[in-house]
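S.K.: Below is a structure I'd like to ask you about.
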Amino acid sequence: MPKNNKFAPQEKTGYPIMNIIEIIQQGVIKGIKSLYGADITAEQVTMNSTRKEFEGDYTVVVFPFARLARKKPDQIAEELGEYLVREVAPVEKYNVIKGFLNLSLSEVFWRGFLSGMYQDEAYGRQPANGQKVMVEFASPNTNKPLHLGHIRNILLGWSSSRILEAAGYEVVRVQIVNDRGIAICKSMLAWQQYGQGATPASAGEKGDHFVGDYYVLFEKKLREEYKGWQQSEEARELFEKKAENGQGEEAFFNSFKNTYFNEYSRLGAGAKDMLLRWEAGDEATVSLWKQMNDWVYQGFDETYRRLGVEFDKLYFESDTYLLGKDAIRKGLEKGVFYQKEDGSVWIDLTGANLDHKLVLRSDGTSVYMTQDIGTAQKRYQDFGVDKMVYVVADEQNYHFQVLFEILKRLGEPYADGLHHLSYGMVDLPTGKMKSREGTVVDADDLIAEVVEEARKNTADRDTVSGLSEEEQEAVIRQIALAALKFFIIKVQPRRRMVFDPKESVDLQGQTGPYVQNAYVRVQSVLRKGGEQDLSPAADYNRIEPQEKEMLNMLHAFPGLIQVAAEEYDPSGIANFCYDLAKAYHRFYHDLSILSADTAAAKAFRLQLSQAVANVLQHGMNLLGIEMPERM
RNA sequence: GGCUCCGUAGCUUAAUUGGAUAGAGCACCUGACUACGGAUCAGGAGGUUGCAGGUUCGAAUCCUGCCGGAGUCACCA
């Protein structure tokens, strides 16, 4: 194989390989000018890949030129087609159907394109652009294990960060860990009262689940306590006095629950007291808090490891929850904020189609927004990033609109680079996930489940029987995670999605393993015939439609990465990988590779196979999905 | 109620951002290896893109109004 000139086309096309679309667009612009004397911009030249039921590679839509040329679309298309064939070298043929101009590129062009890229593992990756972007994702609370919702978040965050890297950015991956507050105090109190010194090790349980169990236990004990209290004199009197007209006992006590926790409950008082002592820095409390959080982190780390993600830096809310007050003070001086008589500080965002928003309470303490302002500033100080992406569910859309507007008005240097990667909640076929009803899908359980399913399906295959047990286990894990990840990532983020556990473990059809299988097929072919000289590919002169389809897709891949990065949307990459895998499966079925008719065909198809495998691996890698060599 | 997002085949979802006959997968039916891996391929059936108007050569996509669903409008996080 010609290793030393991988980027150079083997045949002279007369044009750089990558910009064929732009070249055609320029040709169209010149053509319109010379044929009709009109000036148009590249923007006005709409080009698509030709639909596969028609002949051609690219299609120019000529309707928009009808007015300029004062001719019928069909006639324009004819004239323009003739012009392009004459003036733009790679364009070899054209045909016109109903006002659409279909252009076919020469085989010379396609051979040159393929031979130039098929060994390039970095094909599609943009050179560094000198910009730095921070991606925040995961960001769990430390009182409960991760669940399906976190998985969607993590997969989106991870794949987006990979895609941004491929688009040329330097990426910093962070999360903010919500490690403080009343929730973790509930777990702490429950552990203190009922735990009898148990540890994750002694209980044989993962740390995050261990701590989560105490949170659940707290809620259970609280409910019991509340139920008992409802029989008391005090409760009866309150019910008589405060129940609204016609309000039943049950309805009343349901709505009273919060007040009960805050004002009557022994456990509630205990948890709140715990929080106060934590805030005061009480040593015993702080050390218990550290201990429990440590357990949780060990559990989280394990889950992240299973998912194959990692972070460059963790921010902890216990460090950041007091940040932002300075910014408020400065903003107040600059007149960005205003103060009410009671001392609370606000911002008027009605000009930006938003509302008035509180940024500091009357007692001078922070709210969520205050922290987020401070944290953004801190992150900029820490890393000097040009952009920040927040992967957070769509219930916080309004919050981020407000946050970004505030940062803009404060004149933050990164304010134009802020993006909320908002995604819809994950529903189950039975409806919403509700922790109270125990319908939350636990992340670790889910992973274990898909691995089991993959194991069952791998058991009776001799394709992997030659591998060691360890290697087999790795393959099973790769397949399982591919199924799970692909299932989630293929859906556009903004959509609320239905997660059917049964479908997520499917290994057939539009799935991760289907894509892996295409890759594995290529590897199998290459093992048998990849060691040869592929230069005869230059003589291949009858590119089949199945081959052309893949060449077109391969050519589109770099642009797709760009779009995915600009839109912060990995779903397009997933769907592309599926389409490419499908095209390869068809090609593989219809045409012979190793026993092709000619040496040229064989060499060309081996190049093509290798190119497809590279791009599939690269594309799936952007989604955080690994490719096995056998499966 | 105000604002935002979403309604596409029975189910899960695409549609190159206004382009050609709305494309896949699952499930259902029928077929395909003495061939490079059948976790595959081919075919069938399944659609008034929630409804009604409008904009134009052309609308799932843009505008208006309804209908249905979700989220959000805290000195909560």
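S.K.: Out of A:L407, A:L484, I need the residue that is more than 11 Å from RNA strand B (Cβ to nearest atom), crowded, with 16+ Cβ neighbours inside 10 Å and within 27 Å of A:D213 (Cα to Cα). Which one?
M.R.: Only one candidate passes the filter, namely A:L484.
S.K.: Hey, could you check the stretch A:580-628 for residues that are assigned to a helix (DSSP H, G or I) and near RNA strand B (Cβ under 7 Å from one of its atoms) and say which is farthest from A:A474 (Cα to Cα)?
M.R.: Filtering the stretch A:580-628 for residues that are assigned to a helix (DSSP H, G or I) and near RNA strand B (Cβ under 7 Å from one of its atoms), the one farthest from A:A474 (Cα to Cα) comes out as A:D590.
S.K.: Of everything in the stretch A:48-63 that's in contact with a helix residue (DSSP H, G or I) (Cβ under 6 Å, 6 or more places away or on another chain) and over 16 Å from A:K93 (Cα atoms), which residue is nearest to RNA strand B (Cβ to nearest atom)?
M.R.: A:F63
S.K.: While we're looking at this one, here's another question. Looking at this structure, is A:I40 among the β-branched types (V, I, T), touching a Ser or Thr at 6+ places or on another chain (Cβ under 8 Å) and touching a residue at least 12 places away in the same chain (Cβ under 8 Å)?
M.R.: no
S.K.: To continue, here is another question. How about the stretch A:466-495: which of its residues are in contact with a helix residue (DSSP H, G or I) (Cβ under 8 Å, 6 or more places away or on another chain) and part of a loop (DSSP other than H, G, I, E, B)?
M.R.: Result: A:L467, A:K490, A:V491, A:Q492, A:P493, A:R494.
S.K.: A follow-up question, please. Does at least one position in the stretch A:433-448 carry a residue that is within 9 Å of RNA strand B (Cβ to nearest atom) and open to solvent by 10 Å² or more (accessible area, probe 1.4 Å)?
M.R.: Within the stretch A:433-448, not a single residue is within 9 Å of RNA strand B (Cβ to nearest atom) and open to solvent by 10 Å² or more (accessible area, probe 1.4 Å).
Table: residues versus (1) near RNA strand B (Cβ under 8 Å from one of its atoms); (2) open to solvent by 30 Å² or more (accessible area, probe 1.4 Å); (3) assigned by TED's automatic domain parsing to the domain that holds A:S160; (4) small (G, A, S).
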position	(1), (2), (3), (4)
A:D506	yes, yes, no, no
A:Q516	yes, no, no, no
A:V525	yes, no, no, no
A:P536	no, yes, no, no
A:Y540	no, no, no, no
A:Q546	no, yes, no, no
A:A556	yes, yes, no, yes
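S.K.: Going by the structure shown, is A:E317 near RNA strand B (Cβ under 9 Å from one of its atoms) and under 24 Å from A:V385 (Cβ atoms)?
M.R.: So A:E317 fits the description; yes.
S.K.: Another question, if that's okay. Against the definition (surrounded by 15 or more Cβ atoms within 10 Å (Cβ to Cβ), more than 7 Å from RNA strand B (Cβ to nearest atom) and farther than 22 Å from A:V451 by Cβ), how does A:E566 come out, yes or no?
M.R.: Against the criterion (surrounded by 15 or more Cβ atoms within 10 Å (Cβ to Cβ), more than 7 Å from RNA strand B (Cβ to nearest atom) and farther than 22 Å from A:V451 by Cβ), A:E566 does not qualify.
S.K.: Just wondering, is there one or more residues in the stretch A:157-172 that are within 20 Å of A:Q298 (Cβ to Cβ) and within 33 Å of the chain's Cα centre (by Cα)?
M.R.: For the stretch A:157-172, residues within 20 Å of A:Q298 (Cβ to Cβ) and within 33 Å of the chain's Cα centre (by Cα): absent.
S.K.: Any idea how many residues of the stretch A:61-80 are assigned to a loop (DSSP other than H, G, I, E, B) and open to solvent by 10 Å² or more (accessible area, probe 1.4 Å)?
M.R.: 3
S.K.: Going through the stretch A:410-430 one residue at a time, which ones are outside any helix (DSSP H, G or I), open to solvent by less than 80 Å² (accessible area, probe 1.4 Å) and more than 9 Å from RNA strand B (Cβ to nearest atom)?
M.R.: A:L410, A:G411, A:E412, A:Y414, A:L418, A:H419, A:H420, A:L421, A:Y423, A:L428
S.K.: A further question on this structure: Any residue at all in the stretch A:570-580 that's open to solvent by 10 Å² or more (accessible area, probe 1.4 Å) and within 13 Å of A:V522 (Cα to Cα)?
M.R.: no
Here's the yes/no breakdown for (1) assigned to a strand (DSSP E or B); (2) within 36 Å of the chain's Cα centre (by Cα); (3) over 15 Å from A:K548 (Cβ atoms):
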residue: A:T59; (1), (2), (3): yes, yes, no
residue: A:E82; (1), (2), (3): no, no, yes
residue: A:R86; (1), (2), (3): no, no, yes
residue: A:E92; (1), (2), (3): yes, no, no
residue: A:N102; (1), (2), (3): yes, yes, no
residue: A:V108; (1), (2), (3): no, no, no
residue: A:G124; (1), (2), (3): no, yes, yes
residue: A:P127; (1), (2), (3): no, yes, yes
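S.K.: Suppose we filter A:E92, A:E87, A:E107 for residues that are away from RNA strand B (no atom under 16 Å from the Cβ), in contact with a Lys or Arg (Cβ under 9 Å, 6 or more places away or on another chain), open to solvent by 80 Å² or more (accessible area, probe 1.4 Å) and of a type in the set (D, E, K, R); which single one remains?
M.R.: Result of the check over A:E92, A:E87, A:E107: A:E87.
S.K.: Moving on to the next point. Quick one: is A:D294 open to solvent by 70 Å² or more (accessible area, probe 1.4 Å) and within 16 Å of RNA strand B (Cβ to nearest atom)?
M.R.: Answer is no for this residue.
S.K.: Every residue in the stretch A:173-224 that is assigned to a loop (DSSP other than H, G, I, E, B) and either small (G, A, S) or closer than 30 Å to A:D382 by Cα (or both), please.
M.R.: Correct list: A:D179, A:R180, A:G181, A:G195, A:G197, A:A198, A:G204.
The values are calculated or read from the model by the stated rules, or taken from the named source; none is laboratory data. None of the values given here were measured: they were computed from a predicted structure. Methodologically, a virtual Cβ is constructed for each residue, glycine included, from the backbone with ideal geometry; neighbour enumeration extends over all protein chains shown. SASA here: full protein model, heavy atoms, side chains in, ligands and nucleic acids out. Shrake-Rupley method; radii C 1.70, N 1.55, O 1.52, S 1.80 Å.
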